[in-house]
Structures are given as structure tokens and as C-alpha cells.
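Notes to accompany the following structure.
Please treat every number below as a calculation from the coordinates, not as lab data. Just so it is clear, the structure is predicted and the values come from calculations on it, not from any experiment. Cβ sites come from the backbone with ideal geometry, for glycine too, and all protein chains shown count toward neighbours.
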């Protein structure tokens, strides 16, 4: 074996896309209508990927020379301006904002862990979490620490505090990842009131806090959920907020691998440091971020009619997701489901998730086991599929 000692014993285990490919192969064999694929986080209707026509129409008009050329390693100015507009809308923080383009929010999480934690550190997130956090953390020789996400179907501030207090005894920087609103894999969104209590607690600490907000699904919650940024304005200088915001979900351009990281802080030297270290990591990994997604995003925000049409279409998608979640709530006992608010996913609570997934596969229903249960991608399921899936879950759980 030629791999280094750290990697030699590790196994590649990407369940989501593998399960999706298994479902696609089964559908090709049996017919699409006979297979339920609730694996991958992509919007679909009638088995076809949903994109936004107002965004798609801009692509042919882009300058081929520009989208074929390198962009600045930190990202182009018009793109970063456009991402600020889309991410914050009318709730732009009053703090200084650092900005760096990255190749997808996944890269943004990767870069943050690389630059703001030390080898051996614990990185905290909730016990329901997106599966990619674990390999990202492990890749850098860090460890994933988990706090209990829910207490009586609300955010468990008590467990959050206990976990942060525990880690504070062990290391200087405490990195915490909160995926909200539209949490993957539960669909939970942290409320303004909960944010207020989180901020008050963080302000009581004497350690440096790196608060990473994975905002991948923020555009599939009502606009008022962006008011969380006003709560973050109240954080003291011990906390650096880093927001990961991607066009993968927001513009339904999953494969363009284009995102922005924003740093929020009151001190300019902290912002300058953020842009410097993140640019170094871009340079050391893939060089400059992809060009096409940057020019497309800038073109959308610059085109008032296209932007208005996009917002209108997105509102319809938010309503569609809410309807799908309601159908699932009718089909599955409430106590079995995580408390859905917004986004692409709901999860079923069970300590035998892998067994349930295997039983459902025998009925050509494909889902993904996660820590704590089984994730259901309602973003990719129609009403009748959800009802059938729900009946099967109640039979086998």
C-alpha cells in the first residue's frame, strides 16, 4: 500500500449519492413510477430535476471568454456583491463583512475547519447532522463532537451549553457548526428567540468562538428567518461568525460548485485575516473557484426582471415543500418525525435506521440512514410517493 498511514485504513463511504445511483438503476430496470427515490437533496417534480427558468435563460448570454477564464482566487467582486444581496437581502448585518468565493459550501466548511481549529480539536455540531461534516473534520485530524439537538421538539440550548462548556476546558478556539434554517437532515429552523438565547450565552464565554452557519437551505425558509443576522449583530468580539452560502440549492445549480463564505465581525483586522487565510487555502487546493457560477450569479442580480421572476418561483417552491411535509405528517405518526419547519428534508426517528432502510429497499423505496434515524428527501418526492413511503415506514418501523 502506498497511501500514508493516516489514510491507509480509512474507507470511502458516501451513502447519499450511492443510494441515489442504486435507485436510478432500479428505476431504469422497473420503470420510474415503481421506484421511490428519497435520497438526494435536489428539487424534482415528476422525476425531473427542477431548475429556475429565469436563471437558466441567462446562461446562453454569458460571455464565453469570461466564463472560460480564471477568476481571482478570492472570487470576483460582482459575484461576491451578488451573493451578499442574495444571502442577506434586507437583513444585511451592520458588522464588517469578509468575503471569499469557494467551490461549494462543502469547501467552505473544509476551509473553515482547516484555518480556525488545531489538529486534535473537537468541532461541535448537533447529533442530527449532514453526513459530510464527519469526513471533513476527520480529513484534518479533528474530531466531531455532538450535542443533543432537540429537547421536546425545540432547540436544546441546555445540551448546546453543556457541550460548549466542556470543549472550552480543552481548547482555545471552539468551532460550532449550526445548519439553519431548513436543517439537513431534520428540516428544523432555529427561531429568532432561540438565536437570542444562543447569542446571550456565547457572549458570556471567555473563549474564542467560531460560529459557522451552514446556510445552504436559507432560501427555502420565509424571508423573515434572515432576521437572525440582526441577532448576530449583538455578539461580542469573542465570536467570529462565518456564513456558508451556496448557489447549489439557492439557484438549483448543484453541479456548478459555487459558493461564498462571509465572515462577520466588528474588527477590520479579523476580516482581513479571514480573507487572507481563506484565499491561501483556495490557492493551495483548487486555485481559483469556478467561473461560470460566479458570472451567472452576478448576471441574475444585475437583471431586475430575472431576479423578480426568480424570487416568485422560489416562493412557489417553498409552498410546495411545505405541502409535501404536511403530507408526510399525515402518513407517519408525529412522534416519529423530527420537527420540520422548512427545507428539503424530514427525518424519521429510530435507533435502527440501517435496518429500516434495508427493509424499504425491498419495496423499491430508497432512503438514507443518518445518525438518529432515516432521512427523507421530500424535495424529490411527489404526494403519492410520500403517502406510499409513509405507509411502508409505519409497517416496518
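State whether the chain is rounded, prolate or oblate according to the following rule on the C-alpha gyration tensor (a ≥ b ≥ c being the square roots of its eigenvalues): a/c under 1.5 gives rounded; otherwise a/b larger than b/c gives prolate, and the remaining case gives oblate. Rounded, because the longest to shortest axis ratio a/c is under 1.5.
The calculated P(r) of region 26-182, using every Cα pair and 5 Å bins from 0, goes 1, 6, 11, 13, 14, 15, 15, 11, 8, 4, 1, 0 in percent. Once Rg and the Kirkwood radius are both taken over the C-alpha atoms of region 26-95, their ratio Rg/Rh works out to 1.14. For region 108-144 and region 163-178, compute the distance between their C-alpha centroids and round to whole Å. Cα centroid of region 108-144 versus Cα centroid of region 163-178: 12 Å apart. Note on residue 330 and residue 204: with the Förster distance fixed at 25 Å, the Cβ-Cβ geometry gives a FRET efficiency of about 0.05. Per residue, the Cα convex hull of region 89-128 amounts to 150 Å³. The stretch between residue 316 and residue 277 holds 10.1 nm of extra length on full extension. This uses 0.36 nm per residue minus the Cα-Cα distance. The value of relative contact order for the chain, using C-alpha pairs under 8 Å at least six residues apart, is 26 percent. Scaling against 2.2 N^0.38 Å puts the C-alpha radius of gyration of region 245-359 at 1.49. Our summary of shape: the Cα atoms of region 118-274 have principal axis extents of 42, 34, 33 Å, ordered from largest down, in whole angstrom. Estimated at 0.36 nm per residue, the fully extended path between residue 351 and residue 387 surpasses their Cα-Cα distance by 10.7 nm. With the chain treated as a Gaussian network of Cα nodes joined by springs under 10 Å, which of 11, 197, 315 yields the largest mean-square fluctuation? Most flexible of the set in this elastic network: 11.
Computed from the Cβ-Cβ distance with R0 of 35 Å, the FRET efficiency linking residue 284 to residue 92 stands at 0.70.
In the distance distribution for region 123-192, Cα-Cα pairs more than 19 Å apart total 33 percent.
Can you show me the helix-derived [θ] at 222 nm for the chain, built from DSSP H runs with n ≥ 4 at -39,500 (n - 2.57) apiece and divided by the number of residues, rounded to the nearest 500. Mind dumping the intermediate values first?
Numbers: 16 runs with 174 residues, N = 397.
Rounded to the nearest 500, the figure is -13000 deg cm²/dmol.
Look at where the Cα atoms of region 329-397 and of region 84-103 average out, and the two centres are 35 Å apart. Work out the P(r) tail for region 322-397: percent of alpha carbon pairs separated by more than 17 Å, whole number. For region 322-397, the fraction of Cα-Cα distances above 17 Å is 34 percent. Take every DSSP beta bridge whose two residues both sit in the chain; close to 55 percent of them are antiparallel. Remark: the residue 267-residue 59 segment gains 71.1 nm on full extension, using 0.36 nm per residue and subtracting the alpha carbon distance. Size descriptor for region 333-374, Kirkwood hydrodynamic radius: 10.8 Å (Cα pairs only, one decimal).
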